[in-house]
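A quick write-up on the structure given underneath.
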Protein chains: 2
Amino acid sequence: MSKILVFGHQNPDTDAIGAAISFAYLQKELGKDTEPVALGTPSEETQYALDYFNVDAPRVVESAAGETNQVMLVDHNEFQQSISDIAELTILAVVDHHRIANFETADPLYYRAEPVGCTSTIVLKLFKENNVTIPKQIAGMMVSAIISDTLLFKSPTCTQEDIDAANELADIAEINLNGYGLDMLKAGTNLSDKSAETLLDLDAKSFPMGDKNVRIAQVNTVDLNEVLNRQGELEAAMNSANAANGYDLFVLIITNILNSDSELLVIGDSLDKVEAAFKIKLDNNRAFLNGVVSRKKQVVPQLTEAFS
Amino acid sequence: MSKILVFGHQNPDTDAIGAAISFAYLQKELGKDTEPVALGTPSEETQYALDYFNVDAPRVVESAAGETNQVMLVDHNEFQQSISDIAELTILAVVDHHRIANFETADPLYYRAEPVGCTSTIVLKLFKENNVTIPKQIAGMMVSAIISDTLLFKSPTCTQEDIDAANELADIAEINLNGYGLDMLKAGTNLSDKSAETLLDLDAKSFPMGDKNVRIAQVNTVDLNEVLNRQGELEAAMNSANAANGYDLFVLIITNILNSDSELLVIGDSLDKVEAAFKIKLDNNRAFLNGVVSRKKQVVPQLTEAFS
């Protein structure tokens, strides 16, 4: 049996890395030769969790070629968010909590998606269904992923299942959920020492919408102005990214994790579509989005609809 | 909460109808306002099962428009095999055992696919995970679906999980698995009184492959010659179907369910792709496929590969 690489999406967040580590561990316990890898280096938030639970960061890969042709995907399915040679590989399994799009296989596979706030909440179910015990370190990465994806249960994507899963995993991981959670989230909001290019790449995904290629990045902060003061620098970097990568539109969501609101900054074509999607008027390429914190639930569907 | 229609693919087979009935029942027990419907009338095989277990055939629909915009899919996911207005509907859930292709949603959903022989095997798991008791009639439709999809466990798609599920369901349904199974399969092989057009439509699905539109139909028989004696009539009907529906290639798999072999009859473009896919030479548009009984596992991937 050949090796199986297990990974989350490009620009990995804590769930992409945490779910890869935990699902690869589960599959190894079930007899598969799995290795968790990552399509990028951990963010400072994720590194905080890795350090806290004394877990090695997964090896970073750009393609599977030469190593294996068998992979399992977590926390994503869209090919443009995946490993560079995804179309040539055999996808054995997917565990995810996103919409399904731009995904195709030649053969039947195991696919488990549920509309919950975090992939790791589904992975917890899989551990239970297969009667596999969760070690403390693995539980720590899983609860960190849930805290990250739900912004400590404040995101509208958060379900009761996520809250229950986080509490169960926090017990195994031996942490105080709120105390640890806030410390971990704040570790990810240290933006001042990062270039505009780095900020735009921290948590960014591409989405085909209509015939357009839309890039949507999100940064978390405890102070919107800290980011907005750098608007000129950010706009220049967004323009460069559009030109270099063929994005028609670049959308940056700057989210205040304390107030659970966001400011939108957009550069590119189809600004009228953005205004229609959120029923707002852009002013100086910006708009305030009251109560918006979730790209998946409060941004992508609205933009997809506007472009359809 | 608005009504939710639950259905399998066009030209429904026993799993498409059995899984729609059983999954709709499960979801109703879980509090959802579901109705099982079908995208076509039951085959004689399916009608045998419905009659035996005294279950009403699901209402036949062509679109959901006007009734609801919420649906759940079983035993398929590809839009071209689904309800006519699928692209305008909200897909809440999918339970399936096929490859994933030409499927897209704007929002996260519940998607449960496993590489087993029958959707109803997965539905049985869902009953257990949710602690819902399976009534005798529902178990009867589920075991009939497993018998149908696995050709009484002879198909290479059949897994140990399908066999275990069928035995468990046969106990609840109070049937002798082999005796009932053979009677049900034979009820579906009464082909002599059917027109060529009807034969081609009994169990047919369309697949986009490369830039071609490929139609793949399958008929079960206990006597290959009974079907092959009508080759001229079948070829004329296949040519007409290609012209009328824009199929580039029509593939008919005639399967002997007693010997577990098939004869292939093909009409249209790209016959060289068919020969490459199965490593055969067509003679008079035909070829014998030793041991081939599964469209999903022994035909679709091979053709997809040849067209890619």
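What FRET efficiency do you get for A:GLU305 and B:GLU67 if R0 is 22 Å and r is their Cβ-Cβ distance, rounded to the nearest 0.05?
On the way: r = 22 Å, r/R0 = 0.99.
Once the sixth-power term is evaluated, E becomes 0.50.
Near the amide H of A:LYS212, under 5 Å away, which other amide H atoms are found, from residues 5 or more places off or on another chain, if H is placed in the peptide plane?
Counting only residues 5 or more places away or on other chains, the set is empty.
Could you tell me which of the pairs B:LYS212/B:LYS296; A:LYS125/A:LYS205; A:LYS154/B:LYS3 are separated by over 20 angstrom between their Cα atoms in the structure shown?
Numbers: B:LYS212/B:LYS296 18 Å; A:LYS125/A:LYS205 27 Å; A:LYS154/B:LYS3 30 Å.
Beyond 20 Å: A:LYS125/A:LYS205; A:LYS154/B:LYS3.
Report, to the nearest 10°, how far helix A:14-29 tilts away from the longest principal axis of the Cα atoms in chain A, using its own Cα long axis and a range of 0 to 90°.
20 degrees
Between 0 and 90 degrees, rounded to the nearest ten: what's the tilt of helix A:231-245 against the longest Cα principal axis of chain A?
Approximately 60 degrees, to the nearest ten.
Starting from 0.36 nm per residue, how many nanometres of slack lie between A:ASP107 and A:GLN160 once their C-alpha separation is accounted for?
Working: separation 53, 0.36 × 53 = 19.08 nm, distance 3.41 nm.
Here the answer is 15.7 nm.
Of all the stretches in chain A, which is the longest one without any exposed loop site, taking trypsin sites (Lys or Arg not before Pro) in a DSSP loop (any state but H, G, I, E, B) with at most 10 other Cβ atoms within 10 Å?
On the way: sites that count: A:LYS279, A:LYS281.
Free of exposed loop sites, the longest segment is A:1-278.
If contacts are Cα pairs under 8 angstrom and at least 6 residues apart, what is the relative contact order of the range B:4-189 in percent?
Working: 369 pairs, mean separation 43.9, N = 186.
Reported as a whole number, the value is 24 percent.
On each of the three principal axes of the Cα atoms of the range A:174-277, give max minus min coordinate, whole Å, ordered largest first.
The principal-axis extents, from largest down, are 48, 27, 22 Å.
PRE reach from B:LYS212 (point 7 Å along Cα→Cβ): which of the range B:243-271 fall under 16 Å by backbone N?
So the set is B:243, B:246-253, B:264-271.
On alpha carbon coordinates alone, what is the Rg over Rh value for the protein assembly as shown, Rh being the Kirkwood radius?
Values: Rg = 25.9 Å, Rh = 25.9 Å.
Computed over Cα atoms, the ratio is 1.00.
Could you work out the local net charge near B:SER240, counting Lys and Arg as +1, Asp and Glu as -1, over the other residues with Cβ closer than 14 Å to its Cβ?
Details: positive: B:ARG215; negative: B:GLU197, B:ASP201, B:GLU233, B:GLU235.
In short, -3.
Report the Rg/Rh value for chain B, based on alpha-carbon coordinates and the Kirkwood definition of Rh. Show your work: numbers first, answer last.
Details: Rg = 18.7 Å, Rh = 19.6 Å.
Result for chain B is an Rg/Rh of 0.95.
Using alpha-carbon positions, what is the distance between the centroids of the range B:249-293 and the range A:25-68, in Å?
44 Å
Since every read-out is calculated from the coordinates, none of them should be taken as a lab result. This structure is a prediction, so every number in the text was calculated from the model and none was measured. Quick reminder, even Gly has a Cβ in these numbers, built from the backbone with ideal geometry, and neighbours come from all protein chains shown.
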